[in-house]
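As C-alpha cells, the structure follows; a few thoughts come after it.
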Amino acid sequence: MSTDGEAFLDAVAERLAALPAVRAVALGGSRAQGTHGPDSDWDLAVYYRGPDFDPAALRAIGWPGEVSEIGGWGGGVFNGGAWLTIDGRRVDVHYRDLDVVEDEVAKAREGRFHVEPLLFHLAGIPTYLIVAELAINRVLRGTLPRSEPYPDKLRASAAERWHGTARATLAYAKAHHAPKARLTEVAGALAVAAVQAAHAVLAARGEWVTNEKRLLERAGLRGVDDIVARLGADPDGLTEALVTAEELFEKTLRLRSARDPHPGSAARPPGSAAR
C-alpha cells in the first residue's frame, strides 16, 4: 500500500477508534488480502462492546454518505454499517458486536452456524462469516480475538449443509419450475444453487469465506455460466440444465473429497496472512 494510502487509513482508523464503546478497528476486504485494485473500496470494521455504541456518533463526524442504525442492514451478525466518501475514497464501515463475534467463534468450534439473508448475497451469509473476518482482517487499532484454524467440525457440518441446500434448490426447480417452462425461476435456482455448492466446496477445503465475490472461481464452479447461457424456454431443456448443474456440483465436491479426504489446518483466502 502506498504511503498516502497508509496515512489515509491511519487517520480514518484513529477517528473510528475514538467512537464510544469501540474496542478495535480492522481493515477487511480486498485491501486486507492484497487483492485490491486502485478503485477498490476501503472496508473497515468497528468492533464495539456494550450498549453505548451509537451510530449517531459516526454520523456526527460529518463524512458524506449513509449511516445505518444498528440492525439497519437486516439485523443478525451483519448488523449495520455505513457507506461513506472520505477524501474522495469510497469507504464501507461495518458494525461488529464483540459479544456476538465471541459467541460465533465458540459455535464455529462446535460446527454450529445458521444462514442469514443479506442484501446483494444470493445464498445469504453463514454466521461464521464474522469468524472468517478474524482470520483475514488487519487490526489497525485495539485487539481482537485470536484467529484460529478452520474448525474440523465446521468443515464437516458446513460442507454437508451447503451441499444439501444446493441439491434441494435444484430439486425444487426440477419439480416445479422446469415442467412449466419458468425460465427466470430456473435461472435463479441455478445461480443460487451454484453459490450454495461453492460454499460447500470452500467449507470442505477449510477455506474461509467472507462474501460471494469470486466464490464460484475459488470453488472451480465458473463453468455454471455455460449452463445458464444455454437456457431456453423448453421444459425438457430446462430439466436437462438442472441435471447438468447437479452433476457439475457433485463432481466438483467428489474431486475435493478425493484430494483432501482428511480435515486439517485451515487454508486461507488468496492473499491473506495470519496475524
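Any idea which residue in the stretch 245-271 is modelled with the highest pLDDT, counting only those that are open to solvent by 50 Å² or more (accessible area, probe 1.4 Å) and over 26 Å from Val131 (Cβ atoms)? First the steps, then the outcome.
Keep residues of the stretch 245-271 that are open to solvent by 50 Å² or more (accessible area, probe 1.4 Å), which gives 247, 251, 254-255, 257-259, 261-263, 265, 268, 270-271.
Okay, now just the ones that are also over 26 Å from Val131 (Cβ atoms), so 247, 251, 254-255, 258.
On the way: Glu247: 97, Lys251: 94, Arg254: 86, Leu255: 76, Ala258: 56.
My answer is Glu247.
Would you call Glu110 in contact with a Pro (Cβ under 9 Å, 6 or more places away or on another chain) and in contact (Cβ under 8 Å) with a residue 24 or more places away in the chain? Step through it out loud before you land on a result.
Details: in contact with a Pro (Cβ under 9 Å, 6 or more places away or on another chain): yes; in contact (Cβ under 8 Å) with a residue 24 or more places away in the chain: yes.
Spelling it out, Glu110 is indeed in contact with a Pro (Cβ under 9 Å, 6 or more places away or on another chain) and in contact (Cβ under 8 Å) with a residue 24 or more places away in the chain.
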Q. What are the residues in the stretch 196-219 that are surrounded by fewer than 22 Cβ atoms within 10 Å (Cβ to Cβ), in contact with a Leu (Cβ under 9 Å, 6 or more places away or on another chain) and either under 14 Å from Ala245 (Cβ atoms) or among the acidic types (Asp, Glu) (or both), if any?
A. Glu212
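Quick one: which residue in Gly71, Gly62, Gly5 is without any contact (Cβ under 8 Å) to a residue 12 or more places away in the chain and either among the aromatic types (Phe, Trp, Tyr) or on the phi < 0 side of the Ramachandran plot (or both)? Lay out the reasoning, then the answer.
On the way: Gly71 fails: either among the aromatic types (Phe, Trp, Tyr) or on the phi < 0 side of the Ramachandran plot (or both); Gly62 fails: either among the aromatic types (Phe, Trp, Tyr) or on the phi < 0 side of the Ramachandran plot (or both).
None of the others qualify; the one that does is Gly5.
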**Q.** Breaking point among (1) in contact (Cβ under 8 Å) with a residue 12 or more places away in the chain; (2) crowded, with 17+ Cβ neighbours inside 10 Å, for Gly124
**A.** (1)
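Is it the case, given these coordinates, that Arg141 is in a loop (DSSP other than H, G, I, E, B), open to solvent by 30 Å² or more (accessible area, probe 1.4 Å) and not hydrophobic (A, V, I, L, M, F, W, C)? Before the answer, list the steps.
Details: in a loop (DSSP other than H, G, I, E, B): no; open to solvent by 30 Å² or more (accessible area, probe 1.4 Å): yes; not hydrophobic (A, V, I, L, M, F, W, C): yes.
No; evaluated as a whole, the condition is false for this residue.
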Q: Could you check, for the stretch 30-39, whether at least one of its residues is farther than 19 Å from Val100 by Cα, in a helix (DSSP H, G or I), without any contact (Cβ under 8 Å) to a residue 24 or more places away in the chain and more than 17 Å from the chain's Cα centre (by Cα)?
A: no
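Within the stretch 46-67, count every residue that is touching a Phe, Trp or Tyr at 6+ places or on another chain (Cβ under 8 Å) and either modelled with pLDDT under 95 or not in a helix (DSSP H, G or I) (or both). Walk me through it before giving the result.
Going through the stretch 46-67, the residues touching a Phe, Trp or Tyr at 6+ places or on another chain (Cβ under 8 Å) turn out to be 46, 48, 53, 55, 65-66.
With the extra rule that they be either modelled with pLDDT under 95 or not in a helix (DSSP H, G or I) (or both), the set shrinks to 46, 48, 53, 65-66.
Summing the residues that are touching a Phe, Trp or Tyr at 6+ places or on another chain (Cβ under 8 Å) and either modelled with pLDDT under 95 or not in a helix (DSSP H, G or I) (or both) in the stretch 46-67 gives 5.
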(Q) I'd like the full set of residues that are without any contact (Cβ under 8 Å) to a residue 60 or more places away in the chain, more than 10 Å from Val77 (Cα to Cα) and charged (D, E, K, R), limited to the stretch 87-107. (A) Arg90, Asp99, Glu102, Asp103, Lys107
Q) Any idea which residue in the stretch 160-190 is nearest to Val115 (Cα to Cα), counting only those that are open to solvent by less than 40 Å² (accessible area, probe 1.4 Å) and either touching a residue at least 60 places away in the same chain (Cβ under 8 Å) or assigned to a loop (DSSP other than H, G, I, E, B) (or both)? A) Ala166
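Those residues that are open to solvent by less than 10 Å² (accessible area, probe 1.4 Å) and under 22 Å from Trp208 (Cβ atoms), I need them from the stretch 13-32; list them, please. Lay out the reasoning, then the answer.
Taking the stretch 13-32 first, the residues open to solvent by less than 10 Å² (accessible area, probe 1.4 Å) are 13, 16, 24-28.
Ala24, Val25, Ala26, Leu27, Gly28, listed by residue number.
Mind telling me which of the residues Glu104, Glu148 ends up being within 30 Å of Arg49 (Cβ to Cβ) and in contact with a Ser or Thr (Cβ under 8 Å, 6 or more places away or on another chain)? Talk me through it step by step, then tell me what you get.
Details: Glu148 fails: in contact with a Ser or Thr (Cβ under 8 Å, 6 or more places away or on another chain).
Selected residue: Glu104, the only one of Glu104, Glu148 that is within 30 Å of Arg49 (Cβ to Cβ) and in contact with a Ser or Thr (Cβ under 8 Å, 6 or more places away or on another chain).
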Q | Hits in the stretch 87-114 - residues which are part of a strand (DSSP E or B) and surrounded by fewer than 18 Cβ atoms within 10 Å (Cβ to Cβ) | A | Arg89, Arg90, Asp92
Q: Select from the stretch 47-82 the residues that are open to solvent by 30 Å² or more (accessible area, probe 1.4 Å) and within 17 Å of the chain's Cα centre (by Cα) and write down the one among them that is nearest to Val93 (Cα to Cα).
A: Trp73
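The values are calculated or read from the model by the stated rules, or taken from the named source; none is laboratory data. Since we're looking at a predicted model, the values are computed, not measured. Glycine gets a Cβ as well: all are built from the backbone with ideal geometry, and neighbour counts include every protein chain shown. Ligands, DNA and RNA are excluded from the accessible area calculation, which covers all protein heavy atoms including side chains. Shrake-Rupley method; radii C 1.70, N 1.55, O 1.52, S 1.80 Å.
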